[in-house]
Each structure stands twice: as C-alpha cells, then as structure tokens.
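Beneath this line is the structure, given in structure tokens, with notes to follow.
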Amino acid sequence: MDVASLSLPGPAAVASAVIIGLVLIAVLMRSRGKEAKSATAGQAASSAAQTARSTTSAAAPAADTRDRCTLLFGTQTGTAERFAKSLRAQLEGKYGGSTAFEALDIEHYDHAARLAKEKLVVLLMATYGDGDPTDSATDFWTWLSEAAEAGSEPDLLQGVSFAVFGLGNRQYEHFCAMGRKVSKAMKALGASEVTPRGEGDDDRDIDEDFDKWSAQLFAALDSSDLVTAGKGDASAASFVAAYDVEEVADAPASAVDSLPSGGTGLNSHSPFLATVSDVRELHTGGDRSCVHVELDISGCKATYEAGDHVAVFAENSPSVVQAAARALGLPLSHCFRLRLPSPNKHSLPEPPAPGPLTLRCALARYADLLSAPNKAALLALAACARDAREASRLRRLASIEGKDEYHGYVVVAKRSLLEVMQDFPSARPSLGAFFGSITPHLQPRFYSISSAPQQHPRSVHITCAVVREKMPAGRLHEGVASCWLQRARPGDRMPIFLRQSTFKLPRSPAVPVVMVGPGTGLAPFRGFLQQRAALAQSGQQLGAAHLFFGCRNRKHDFLYEEELEAAVAQGAISQLHVAFSREKSRKEYVQHLMEAHAAEVWAILCETAGGYLYVCGDAKNMAKDVHRALHTIAVKATGCSDSKAEALVKQLLDSGRYLKDVW
C-alpha cells in the first residue's frame, strides 16, 4: 500500500474505534479467563498421572556426592528382590545422609567394571536346583568363581566390604549354596565381610530369618566407619523411584495391550506365545479342583525332555484388577506408556512393557498385587499418603523398630499389597511411582511338565492344583496362576518359556526306578511313563519301575487313573501303589506304602542294583515324611543301625540317585 494515499480519521471515528477496542479487550480477557479455568480443571482431572511425569525442562539436579552402597539380588521367584528393596529403604532411612543406596538385579550389574571399585556391597543370593545360581545370577557367578579359582588376582577386591544373605529351602540338599559360595569367593579375592553370612529358610519363616540378619548388619555398620548415621528419609518423595508416564489418547487399537510375539521360549526375556489347545478338570467330585492344560508350542525354538519345567506368565483375575484400579483412583480404560526417567537416579529397569497399555492390562499382566508388600513399598506409600496418621503408621511398619509389627500385620496375617492399599486409602500413588516403587513385577510361575516329547513333540502339558484358601486376615486367596489356568480356554495365547531340569530318568532304560508323587507331584512321572512307553515300543528293555501315588479318594481325585492303569498294562510301570488318605479310618500316605514294601524298594535302591529314587511334590510335609520312611526302609532291609541307615541315604543323595523336585 502507498503511504501517500492514507487519510487521517476524524474525532467521531477515533471515539468509535476506542469503544470497539475496549469491547474487544474485554471479550478477549473473558475468553482467556474461561480457558484458564478449563485448563485448571483439566490439570486437576489428570493430576495423578502428571505427578509421575518428570519435567524435562526442569533444572538438572545437583550431582550426588555421597558414598555409594550397592545391593545386588539374584532372584528366581522375587523374594530376594523384595528383601533387597526393603533393606535399601531401611538403609537409606538411617544412613542416607552419608551414603546413597542402590538396589539392582545382579543381571543388570556390570560386575567386571564395578565390583572392585565398590566401598560396600550387599549380596542377596537365592539358590536354584542343585546348588546353582538363579538365571539372573549365572553370568555374575561364572565370572566371580572363575576369578576366585584362578587365584591370579588374590587382591582383586581388596578394599571392598561386603555382606551376604543366602535364600534357600532346607528340603534341598544344597541349602543356601549360592550364598555360601559367593561369600567364600569374595573372601578369596580379598574382600572383607562386614557381618557373618545370613541364611533364610523358605521352609519355615524366611522373613524372620532376614529380619534377624538385617539387625546384625545394622549393628555391624553402626560400629564401622563405612557409613554414618545421618539425616536420611526414605519416605520422602525424592527417594521414591518413579517412571515417567505419558498419557495416550490416540493409539490404534491394534497397538494397545499387544502381547509380545516372536519370542524363542528359551528364557524369560524371550517368551514364546503358546496357544492353549485343551483345558479339562481332573477331579470328579469334592470341593477342590485340578486342571490339565495343554499348550501348543509349534514354532517354539526351545525343546524339552520329560522332567523339565515350563514357566507361564499368568495374569491377575478381573476382580483383583478392578480392586487395584479403585485403590489407584483411575479407570481401567486409562491408557498410558511408562518410560525411564532422565536422569535415572534410582537405576530403574526398563518398564515391563513398552506400551501403550490400558490400566486393566498393566495391572493384570505386570503388577504383583497379591504378594506381601516389601518395606520399601510401604515407605513409598507413606510418601504419597494424604492422611498424616496413615503415613506415620506406614513408616512405622517399614522401620527397623517396627519389625515385630510388620511381621504380625503382613507376614503372619499374609496380607497382600492390595489389602494394604485398601487399608490405607489416602496413600494413592501416581502410576509412575506405583510401578516404579510399590508393586513388584509379576513373576512367571514354574510347573513340572507332565508330558514327554516322545509322545507330544510340539505340546507341553501342565497338571495344576487350583489354589483357593482362606487367609488369616479373612481374604479368600485365589492363586494367580492356577486360577488363570483354570479360566483359560482353547485358542487363548499364553507367554511361556521352557527350562531344563536335572530331574531326569537314568540314561539307560534298564536301570530300575522308584517314583514318589502324591497329588500333582505325579506330573513329571506322567512324562516319565510316556517316555518309558515309547522306549518299550521301540524294543528297548526296561528296568523295574515302582510308582507310589497318593490322593484322598479314588472317586474324586485319582489323577489320570486310566492312563496309569494303561501304563501298567504296557509295562511302563512294574507296580502301581496308590494310597487313599480319606477312605479308611486311619489315614494312609505314600510313605506308609513305601514302608510296607520296604524289601522291594531297597532291592531297587541298594548299591548293587544302582536304582534311582525320585520324589516330587510338597516340600514342607511329604518330602520330609518320605525321607524319614527311606531311613526306616534302610534299617528294615539291612538290619543296620540308625546312623548307618542315614549314611546309606546320604550316599544315595551324593551319588545323584536320590532326586527331588519339591516346592
């Protein structure tokens, strides 16, 4: 536009323009006020998710200059992880002023680069199988044991102080073997043990064992110069590890809650998506349930043998999921992604799934809601509790001083995390904090495979007793995995992986065997019998095989009765001995039948015959009773003394001819 062509407005025009301008300003300010109110309402509606989200534009936190202590856990079922996180919270609360404490899955620890530089390290080591490390601790133990055995660097860990707590079950011959081995190897490499090694027995009260050892550890640290008691507050918001949370509103339906596919089935990091081909009830009466489940593993890269294990990734029931969503104050349809915070100062692992996930799916697949809460979880709940009395009570339960109260409220009463959240309704965490600090990751459940590849090369069978029991606090506990398997239907997809076991038949089918498996302890022996039947059909000579099976009543829970009778007819079983514990005035169990056939049993197990004994089932009672019966059988059959009989039983164990698959 040419500037020379413009003309100036007159007074009336100027006044009109001023009035119009004032009106426009008023309208604009009113509009902005409405927008501000709308934004405030929206922020309030999504505050639970936004509190978990890190603000990337915020100033970077100051560097943590405190000394560091690393807590490493090697776990198979999650107990060592629970203990490690509880201990980290307690240590942070007492010594956090001088030392920063980090709890790490040993699988994610760069042992070669970091261990020799540690000032203080605490190792919580579970034992698996025949004194072996857990899957997650295998690489660490291989490195540590090789370094200790080489003897070339006896001062490799000079200056490192350490403490070890081993986790195990006295029903296994190699009780807490990994804790003992790790302690010995650390000393061989020059490290100094702060307090004597602790050992927890899952056959009794492993929580009490851990609490006693923890008290010893704190006493030892108090009298050392490794840490200094100071102002630490493990319940403060800054100590609560939280994932960043991204709300998702526009993800395609096909991408939401998708199951992982393409896994090999070789380990927990690469589960195979098996297809359920059959589910049927094995009990024919009574108030209990046991299900037979068949999984199609066609396309799975992992293979199995009779006696191996299958791990299934189960899901929480819809009612449990719904109750957890109510406790979190969010709808089940809420869709989100979890991301690692930056910086990841609490060393959080990668989120359990990349997402996007609905809350329904996240709670079902990834949240361990029915296990006991660890003390770190209680402190995290305390940090977000709006009610001061609830926060104080949670902190007390998580404290060293409140260990007896924790033991009574959580351990003895068998309270679940979900129940605790319901008891403390004001403690409503963000999703980021809930998945980062409060709920453990739901662990896979292991089952003895009840089939053999000789008959079912592309199928894995599970025999599962459905768990429903009344808890001391009044809750009806339904087993996560067993009830999930019971609900399964043909066509359902199920993430699994296969794990090898040492629970195998002798290499020579001519070697005689004794198998003891009441109830679902029959599972691996069903696979053994299928394998033996296939060998017999191929023309191989079979050794004698005695199977001792037990149930309550022939009419109700005689598992696979027709199959067992057929196995006898085919020669896969030489003699079938069945104890029915509820059919007579005097209860009869498998150990009683073993003693009644002492001569036949010992004829197979004596050194001359070289036979094998296999025991599968309940560790707390049955396995102990069978062991005592075996001792009695040795005395009866040989006329030897009690001490000599125990030596004979020990010889069976040491030679690898007495094998247990117990839980």
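The values are calculated or read from the model by the stated rules, or taken from the named source; none is laboratory data. What you see is a predicted model; the values in this text were computed from it and never measured. Here Cβ is always computed from backbone atoms with ideal geometry, including for glycine, and neighbour counts include all displayed protein chains.
Residue-level analysis places G527 among those that are part of a helix (DSSP H, G or I) and surrounded by 21 or more Cβ atoms within 10 Å (Cβ to Cβ). Here A84, A116, A103 are screened, and the one residue that is part of a strand (DSSP E or B), touching a residue at least 12 places away in the same chain (Cβ under 8 Å) and not basic (K, R) is A103.
For T228, state whether it is modelled with pLDDT of 95 or more and either in a loop (DSSP other than H, G, I, E, B) or of a type in the set (K, R) (or both).
So T228 does not fit the description; no.
Filtering the stretch 610-624 to residues that are touching a helix residue (DSSP H, G or I) at 6+ places or on another chain (Cβ under 6 Å) and outside any strand (DSSP E or B) leaves only G611. Working only within the stretch 551-595, note down all residues that are aliphatic (A, V, I, L, M), closer than 14 Å to G617 by Cβ and in a loop (DSSP other than H, G, I, E, B). L559 - this is the single residue of the stretch 551-595 that is aliphatic (A, V, I, L, M), closer than 14 Å to G617 by Cβ and in a loop (DSSP other than H, G, I, E, B). In the stretch 448-462, the qualifying residues are those that are surrounded by 24 or more Cβ atoms within 10 Å (Cβ to Cβ) and out of contact with any Gly (no Cβ under 8 Å at 6 or more places or on another chain), and the one that is nearest to P373 (Cα to Cα) is I462.
Answer yes or no: is there a residue in the stretch 596-609 that is assigned to a helix (DSSP H, G or I), of a type outside the set (A, V, I, L, M), surrounded by 16 or more Cβ atoms within 10 Å (Cβ to Cβ) and at negative phi. Yes, the stretch 596-609 contains at least one residue that is assigned to a helix (DSSP H, G or I), of a type outside the set (A, V, I, L, M), surrounded by 16 or more Cβ atoms within 10 Å (Cβ to Cβ) and at negative phi. Considering the stretch 263-283, and only residues there that are without any contact (Cβ under 8 Å) to a residue 60 or more places away in the chain and either touching a His at 6+ places or on another chain (Cβ under 9 Å) or buried (at least 16 other Cβ atoms within 10 Å of the Cβ) (or both), the residue that is farthest from C300 (Cα to Cα) turns out to be E281.
A quick yes/no check of all residues on (1) within 17 Å of the chain's Cα centre (by Cα); (2) closer than 17 Å to A311 by Cα; (3) free of Cβ contacts under 8 Å to residues at least 60 places away in the same chain:
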{"residue": "F424", "(1), (2), (3)": "no, no, yes"}
{"residue": "L431", "(1), (2), (3)": "no, no, no"}
{"residue": "P440", "(1), (2), (3)": "yes, no, no"}
{"residue": "F446", "(1), (2), (3)": "yes, yes, no"}
{"residue": "Q454", "(1), (2), (3)": "no, no, no"}
{"residue": "R458", "(1), (2), (3)": "no, yes, no"}
{"residue": "V466", "(1), (2), (3)": "no, yes, no"}
{"residue": "E469", "(1), (2), (3)": "no, no, yes"}
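Against the numbered list (1) in contact (Cβ under 8 Å) with a residue 60 or more places away in the chain; (2) more than 19 Å from T79 (Cα to Cα), V122 comes up short only at (2).
Each residue in the stretch 192-208 was checked for being in contact (Cβ under 8 Å) with a residue 60 or more places away in the chain and within 21 Å of P154 (Cα to Cα), and 1 of them qualify.
For the stretch 467-503, a residue qualifies if it is buried (at least 19 other Cβ atoms within 10 Å of the Cβ) and assigned to a strand (DSSP E or B), and the qualifying residues are M494, P495, I496, F497, L498, R499. Only one of the numbered conditions (1) surrounded by 14 or more Cβ atoms within 10 Å (Cβ to Cβ); (2) in contact with a helix residue (DSSP H, G or I) (Cβ under 8 Å, 6 or more places away or on another chain) is not met by Q575, and that is (1). Per the listing E193, E149, E208, E153, the residue uniquely modelled with pLDDT under 90, out of contact with any Leu (no Cβ under 6 Å at 6 or more places or on another chain), more than 29 Å from V615 (Cβ to Cβ) and of a type in the set (D, E) is E153.
Residue under question is T142, and the condition is that it be in the same structural domain as D209 (by TED's automatic domain parsing), part of a helix (DSSP H, G or I), of a type in the set (S, T, Y) and at pLDDT 95 or above; does it hold? Considered against the rule, which asks whether it is in the same structural domain as D209 (by TED's automatic domain parsing), part of a helix (DSSP H, G or I), of a type in the set (S, T, Y) and at pLDDT 95 or above, T142 comes out as yes.
Just the residues that are outside any strand (DSSP E or B), among the small types (G, A, S) and at pLDDT 90 or above, please, taken from the stretch 119-139. Scanning the stretch 119-139 gives a single hit, A137. With the condition kept exactly as written, say whether any residue in the stretch 514-530 is among the small types (G, A, S), in contact with a helix residue (DSSP H, G or I) (Cβ under 9 Å, 6 or more places away or on another chain) and free of Cβ contacts under 8 Å to residues at least 60 places away in the same chain. No, the stretch 514-530 has no match at all. Criterion applied to G307, G329 was being buried (at least 18 other Cβ atoms within 10 Å of the Cβ) and either modelled with pLDDT of 95 or more or among the polar types (S, T, N, Q) (or both), and the one residue passing it is G307. Among the residues examined, A148 qualifies as crowded, with 20+ Cβ neighbours inside 10 Å and over 18 Å from W213 (Cα atoms). Is there a residue being surrounded by 14 or more Cβ atoms within 10 Å (Cβ to Cβ) and of a type in the set (K, R) anywhere in the stretch 196-208? Among the residues of the stretch 196-208, at least one is surrounded by 14 or more Cβ atoms within 10 Å (Cβ to Cβ) and of a type in the set (K, R), which makes the answer yes. From the list D201, D205, D155, D130, the one residue that fits, being over 27 Å from the mean Cα position of the chain (by Cα), charged (D, E, K, R) and assigned by TED's automatic domain parsing to the domain that holds H111, is D155.
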